[in-house]
Structure formats: structure tokens, C-alpha cells
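The values are calculated or read from the model by the stated rules, or taken from the named source; none is laboratory data. Please read all numbers here as calculations on a predicted model, not as lab measurements. Don't worry about glycine lacking a Cβ; one is built from the backbone with ideal geometry, like all the others, and counts go over all protein chains shown.
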Protein chains: 2
Amino acid sequence: MPKIIDHDQRRADIVDVTWQLIVEGGIEAATMREIAARAGFANGALKHYFSGKDQIIKDAYERGLGMMERAILTAVTGKRGIAAIRAHCTAALPLDESRVLAGRIQLGFWDHAVSNPDLAELFGRHIEEWRSALAGYLEEGRASGEIRTTLANETVISNIMLLNSGANVLCILAPEVSTTEVQEELLELLLHQLTQP
Amino acid sequence: MPKIIDHDQRRADIVDVTWQLIVEGGIEAATMREIAARAGFANGALKHYFSGKDQIIKDAYERGLGMMERAILTAVTGKRGIAAIRAHCTAALPLDESRVLAGRIQLGFWDHAVSNPDLAELFGRHIEEWRSALAGYLEEGRASGEIRTTLANETVISNIMLLNSGANVLCILAPEVSTTEVQEELLELLLHQLTQP
């Protein structure tokens, strides 16, 4: 009986292996040779599944962003307004070891996105999803009266995104400036400002 | 008569060439071969001046950080308290084309610093200089009475650094979130908070 090959599963396995290699040694460490070896493929066999390294890296980045999106979605479920913003930001900030690790990997993807339009587009889509989610929470908060700031939504959203990206950089490279306590304090400060007319 | 070779000048020339290559194509583009060719050296001759690529990259990063430090120093000269914080941040934020370019290069150095302790140490020293300068301005502002916030200096300093690092990331990868106007608005918001008891 011929073996039935689940090609989608194989693609997913290859992306999993790639992600793990990036976690261990950065994007440079995820060579086609290494990926094939870890996934148990002959070197040339990856070509049946991906057009090249760029596509595998893109899929790995998409997987990483997807993991973060799902964590955020779980955190905000059932919440509205300021509580939803707090939950969203808390889920995204590098407040525990696994998210610090994700932040470290993010640095590599950011650097590659400068010269790789596919990665840049993925990141852009991710940012758009955040903007639209945060804008929704802000509107809920304004409608219920808990958010009374005269700052424009776009300003608040940018503030959140700059703090989040900055925290990602500094929790790796200057952890004393971006401790868990500092991140939480700055988030509460920002949320408090929203309640001020 | 024997030619007198200015070795310091040659080292500086090599670092200049390396910086330019990084500007054009990122750290990966600055290969020993390319650096030697641009600087007009035979491939092996670089070894007389640098122990290897890591040392050249470190010196190039030091050159880049030094340029930024000098720009900040010029901007803050003669200023105290909030005016000095504003000048420092304005000089550091990616508010014009040359600083957006510097931010793009910074992304590459950040990524490499994750696995290169020399780069990480340089960045750490740079962060320490900022912390100590900003702490000085905050003390001046508190002494003169213009700064009345109950926030700890360390919190304010971290807020500034997170916003600055985040602006560096997003002005490249999501410029619509980190426009010049938004950066200036967020800076003024932060400075205004300092005056609030």
C-alpha cells in the first residue's frame, strides 16, 4: 500500500524545526543544510516544500507572530476598554522568560526585514492588527466614559507600540533599564493617563 | 626617503570604509574582502590593523555611537533641566533622514549584539552615559522647581529610553506609527508630565 504523505504536516514540521534553530542561534544559524538535517530530509528535498530559505524564514516569522497573536487574543477575551488594553499589552510585553526569548528572535527578524520586503510586509500586517484592536478598545473605553483623555487614539496607539518595541530591545540589551517592574509601571502610567481629561 | 605611514589614520580610514559599507548594505555586506578592496588594501593587509572582522565591526559601531554622542553633546550645551532633556531626546530620536539611517544601522548592531559580547558592552556603556546624563538633567530640574513629578528618576529615564529605542525600530518598519509629529508629541507629553506634581 503506498504511504500517504501529509505534505502540509511536513511543511509545518520544517517550519517548527526552523523556528527552533532560530531560537538556538539566530536566523544565520538556520541554514538550509541544518534545517534539512534536523527535519530528517535530504538536503535537496526541502525544495519540494519551499522555494528557498527566504520563504522558510518568512513562514517561521509568521508562526512566531501567530503565537503572539493567539496569546494576546486569549488574554483579551471577555475584556473591554482599559482592561483589554492592559491585557493586550501585558501579553505582548517581554514580562517573562519566553517572551524575552521571543524578543531576542524579533531583533533578528527586524534586522532582516530592513532588506526583506516579505518580512517587512508581515510585520506591517501585525502592526495593523494591533492598531485596529487597540483603536477598538479605546473606543469602548471612551463610550463607557472610563477613557477621558483628549489625546488622539493614534497618539496613544503609537505610544503603546513605541514602548512595546523599545521594551523588546532593551530587555535584551539593557535589562536593567527595562525590568518587569519598570515595564508594568510604565504601562500603568499610560493607562492612568487615559482616564485623565 | 622612507614613506612615513600614519597607522592611526589607516585604522580610521578602514573604520570609515566599513561604516559606509554597513550603511549601504548592512553588517553582512561589510566582508573583509569588501573592506580591503574599498580601503585600497590587499586582502591580508587588514590583519596588520585589526584582529578580525569582529574588531572592525566593533570599532565601526563605536564610531557610530560616538557620532551620536557628539550630536547630543552639541545639542545640550548651555541647557539645563527640561530644556536639556528635550535637546538630548530631540538629537537622539530619528527625526530626520540621517538619523533614520542611523536607526536602520542600529537594528543590525542590536541583532549582532545578542551574540557578540563586545558590541553588547559598547551598547551598555552608551546606555550608562545616557542614564547618567539624564539623571543629571532631572536633578537640575527638580532643584530649580520646574520638575515636580513624584515619578522616580529611573522610571522617567527608562520611559525615555524605551520610547527612543521603539522609535528607532518603528521609524524603519512601521513609519506611519512613528512619524516625526508623533515622536515630538510623545516627547512633549513626557516632558509635560515631569512638571505635574
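Quick check on region A:159-173: of everything there that is within 8 Å of chain B (Cβ to nearest Cβ) and β-branched (Val, Ile, Thr), which residue is surrounded by the fewest Cβ atoms within 10 Å (Cβ to Cβ)? Going through the qualifying residues, I end up with A:Ile172. Could you please let me know if A:Val156 is within 8 Å of chain B (Cβ to nearest Cβ), among the aliphatic types (A, V, I, L, M) and either crowded, with 18+ Cβ neighbours inside 10 Å or out of contact with any strand residue (DSSP E or B) (no Cβ under 8 Å at 6 or more places or on another chain) (or both)? In short, no. Mind listing just one residue for me: the one in region A:124-135 that is within 17 Å of A:Leu163 (Cβ to Cβ) and within 10 Å of chain B (Cβ to nearest Cβ) and, of those, surrounded by the most Cβ atoms within 10 Å (Cβ to Cβ)? So the residue we want is A:Trp130.
Being closer than 23 Å to A:Phe123 by Cα and touching an Asp or Glu at 6+ places or on another chain (Cβ under 9 Å), is that true of even one residue in region A:32-44? Looking through region A:32-44, none of the residues is closer than 23 Å to A:Phe123 by Cα and touching an Asp or Glu at 6+ places or on another chain (Cβ under 9 Å).
Scanning region B:101-113 for residues that are hydrophobic (A, V, I, L, M, F, W, C) and buried (at least 18 other Cβ atoms within 10 Å of the Cβ), we see that the one that is nearest to B:Met68 (Cα to Cα) is B:Ala102. Among the residues of region A:49-62, is there at least one that is in contact (Cβ under 8 Å) with a residue 12 or more places away in the chain, crowded, with 18+ Cβ neighbours inside 10 Å, of a type in the set (Phe, Trp, Tyr) and away from every other protein chain (no Cβ under 14 Å)? Checked region A:49-62: at least one residue is in contact (Cβ under 8 Å) with a residue 12 or more places away in the chain, crowded, with 18+ Cβ neighbours inside 10 Å, of a type in the set (Phe, Trp, Tyr) and away from every other protein chain (no Cβ under 14 Å).
Within region A:102-196, considering only helices (runs of 4 or more DSSP H) that don't extend past its boundaries, which have at least 3 residues that are without any contact (Cβ under 8 Å) to a residue 40 or more places away in the chain and among the basic types (Lys, Arg)? Please lay out each step first, then the result.
Values: elements: A:117-144, A:153-173, A:180-195.
Once the helices (runs of 4 or more DSSP H) in region A:102-196 are filtered for at least 3 residues that are without any contact (Cβ under 8 Å) to a residue 40 or more places away in the chain and among the basic types (Lys, Arg), what remains is A:117-144.
All of B:Glu176, B:Glu188 fail the test of being at pLDDT below 95 and within 12 Å of another protein chain (Cβ to nearest Cβ), apart from B:Glu176.
Within 14 Å of chain B (Cβ to nearest Cβ), out of contact with any Phe, Trp or Tyr (no Cβ under 8 Å at 6 or more places or on another chain) and in a helix (DSSP H, G or I) - does that describe any residue in region A:84-91?
Yes; the residues of region A:84-91 include at least one that is within 14 Å of chain B (Cβ to nearest Cβ), out of contact with any Phe, Trp or Tyr (no Cβ under 8 Å at 6 or more places or on another chain) and in a helix (DSSP H, G or I).
This table checks each residue for (1) more than 10 Å from every other protein chain (Cβ to nearest Cβ); (2) buried (at least 23 other Cβ atoms within 10 Å of the Cβ); (3) in contact with a Gly (Cβ under 6 Å, 6 or more places away or on another chain); (4) among the acidic types (Asp, Glu).
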site	(1), (2), (3), (4)
B:Gly66	yes, no, no, no
B:Ile82	yes, no, yes, no
B:Leu95	yes, no, no, no
B:Glu139	yes, no, no, yes
